[in-house]
Amino acid sequence: MSFPKYPEYKDSGVEWLGEVPAHWQVKRMRFVATLNPSKSEVRHWPDTAEVSFIPMEAVGEDGSLDLTQTRPLGEVVGGYTYLSEGDVTFAKITPCFENGKGAIMQGLCEGVGFGTTELTVARPDTSQVTGGYLYRVISSRPFRELGESHMYGAGGQKRVPDDFLRNFELAWPPVPEQTSIAAFLDHETARIDSLVEEQQRLIELLKEKRQAVISHVVTKGLAPDVPLKDSGVEWLGEVPEHWEVMRVKHAAKLESGHTPNKEKAEYWDGGIPWVSLNDSKELARSDYIDETKFSISCLGVSNSSARLLPPRTVVFTRDATIGVSAITTKEMAVSQHLIAWVCREDAVISEYLLLVFYAMKEELDRYTFGATIKTIGMPDVRSLSMPLPPLPEQKEVVDYVLAERDRLDGLIAEAQKASRLLVERRSALISAAVTGKIDVRGWQTDQQADQSEMLMAAEARATYG
């Protein structure tokens, strides 16, 4: 959709804002809204009165609000942020602020709520601004970017100061026009959100398809009519008759790792890649691992139980997230939090074993279900079973699965790109509307005209075929 500009503009006098519609009035936020209203409004209420309780997780990044929690007033009046029906709030702490957490307070128990102290409250002066329009302002890209630039504090404790909100300058349209703009944005963002949701569903379906392809081909092969036999292994089910089923440890030598003494500087930074849980993201990102976050020295190897393992070893995490795997591209050592499988050349291809571990995801989750700290014990590791086709067939399976996975990954990347573009479009539309860069006052009339034309066309088709 494209929208016209306003017929006449003026200089706003605000550097970042530039020109604004000529009839809009430039004001600071403190002149159109009350900031962090006083709790004195409810001090006379009985302590037993139930009010809404709003922790940070109850405030969505899309304006949603979870109001399932309530508390007696006496429990929250002293240490939480006060808000009431119609107030507009946003999270002031990083990264919640940057992520867009904020909402209009609607449906509060008895019209009153108390929330986390990391919420900033703006109560609209309804003679000058509507709650719907104010919410769109505080969720707009300019407000968020400027607020981020004013944050104070360090690391995860950075916050947007109240003075930023008080002094935030914007050109405000007349209230009836605000209502029209807010209605337009509600309609358009809902439409975009629906499209984003469709893309997210598609992405999930493609990911499920990718996992299904891996699981099916690794356990059933490529021939659709091959005779099958019971594997005797629950997670495998039936496998081709001519395949073997064996413990993984019989097809690949099982190696465990170790951590050299960290107090011995000479054991570290020696150029020998050392795979640890610090490399989990890299392991999950690729089939192969080239570099590691830490390295150890020859002294570190010789003075510990760590071993130098050959290239094309399959490494496998046994703690935290279980079974994250990759193939080494050079000689490496591993920590005790990983298992290393050195494949027997006459038995299994490294890439096929890697795909077996990918297919085994649900089976590995079963070993760690309910554990506070996820881990898989060595007896369970030694008991892991796998299907084992002949080497030429392993190569065919690997080639097919990797090609099919690349195809599906390409479709996933396209859907993710489409989703990002829609989100960017949503953000740009809000920003353009609340800064007066587009004139949407006639959008309802245009929409009604489009609907009338569609109805007339449908009637014509029904009448004349």
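The values are calculated or read from the model by the stated rules, or taken from the named source; none is laboratory data. Please read all numbers here as calculations on a predicted model, not as lab measurements. Because the Cβ atoms are built from the backbone with ideal geometry, glycine has one as well, and the counts that use them run over all protein chains shown.
Just need a number here: residues in the range 383-428 that are part of a helix (DSSP H, G or I) and over 21 Å from the mean Cα position of the chain (by Cα).
Final tally of qualifying residues: 18.
Can you tell me which condition Lys395 does not meet? The list is (1) in contact (Cβ under 8 Å) with a residue 60 or more places away in the chain; (2) within 18 Å of Glu345 (Cα to Cα), and all the others hold.
(1)
Among the candidates Val42, Val51, Val112, which residue alone is over 28 Å from the mean Cα position of the chain (by Cα), modelled with pLDDT under 95 and more than 30 Å from Tyr9 (Cβ to Cβ)? Working first, answer last.
Values: Val51 fails: modelled with pLDDT under 95; Val112 fails: modelled with pLDDT under 95.
Going through Val42, Val51, Val112 in turn, just one is over 28 Å from the mean Cα position of the chain (by Cα), modelled with pLDDT under 95 and more than 30 Å from Tyr9 (Cβ to Cβ): Val42.
Starting from residues that are acidic (Asp, Glu), within 38 Å of the chain's Cα centre (by Cα) and more than 15 Å from Glu362 (Cα to Cα), keep the ones in the range 200-257 and report whichever is surrounded by the most Cβ atoms within 10 Å (Cβ to Cβ).
My answer is Glu255.
Can you report the number of residues in the range 101-129 which are surrounded by fewer than 21 Cβ atoms within 10 Å (Cβ to Cβ) and farther than 24 Å from Ala49 by Cα?
Qualifying residue count for the region: 4.
Have a look at Gly102, Gly79 and point out the one that is of a type in the set (Gly, Ala, Ser) and either in contact (Cβ under 8 Å) with a residue 60 or more places away in the chain or farther than 21 Å from Lys158 by Cβ (or both).
Gly79
Here's the yes/no breakdown for (1) in contact with a Phe, Trp or Tyr (Cβ under 7 Å, 6 or more places away or on another chain); (2) under 30 Å from Met386 (Cα atoms); (3) among the aromatic types (Phe, Trp, Tyr); (4) at pLDDT below 95:
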site	(1), (2), (3), (4)
Ala171	yes, no, no, no
Glu177	no, no, no, no
Asp186	no, no, no, yes
Arg201	no, no, no, no
Leu206	no, yes, no, no
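For (1) among the small types (Gly, Ala, Ser); (2) within 18 Å of Val314 (Cα to Cα); (3) at pLDDT below 95, each residue gets a yes or a no:
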| site | (1), (2), (3) |
| --- | --- |
| Tyr367 | no, no, yes |
| Ala371 | yes, no, yes |
| Asp380 | no, yes, yes |
| Leu384 | no, yes, yes |
| Tyr400 | no, no, no |
| Arg407 | no, no, no |
| Glu414 | no, no, no |
| Leu421 | no, no, no |
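Sort through Ala359, Ala333 and tell me the only one that's under 20 Å from Arg210 (Cβ atoms), in contact with a helix residue (DSSP H, G or I) (Cβ under 9 Å, 6 or more places away or on another chain), buried (at least 18 other Cβ atoms within 10 Å of the Cβ) and of a type in the set (Gly, Ala, Ser).
Ala359
Of everything in the range 242-263, what is in contact with a Gly (Cβ under 7 Å, 6 or more places away or on another chain) and touching a residue at least 60 places away in the same chain (Cβ under 8 Å)? Give them in sequence order.
Of everything in the range 242-263, just one residue is in contact with a Gly (Cβ under 7 Å, 6 or more places away or on another chain) and touching a residue at least 60 places away in the same chain (Cβ under 8 Å), namely Val245.
Does Ala91 fit the bill of being surrounded by 14 or more Cβ atoms within 10 Å (Cβ to Cβ) and more than 26 Å from Arg166 (Cα to Cα)? If you could, list the steps in order and put the result at the bottom.
On the way: surrounded by 14 or more Cβ atoms within 10 Å (Cβ to Cβ): yes; more than 26 Å from Arg166 (Cα to Cα): no.
No.
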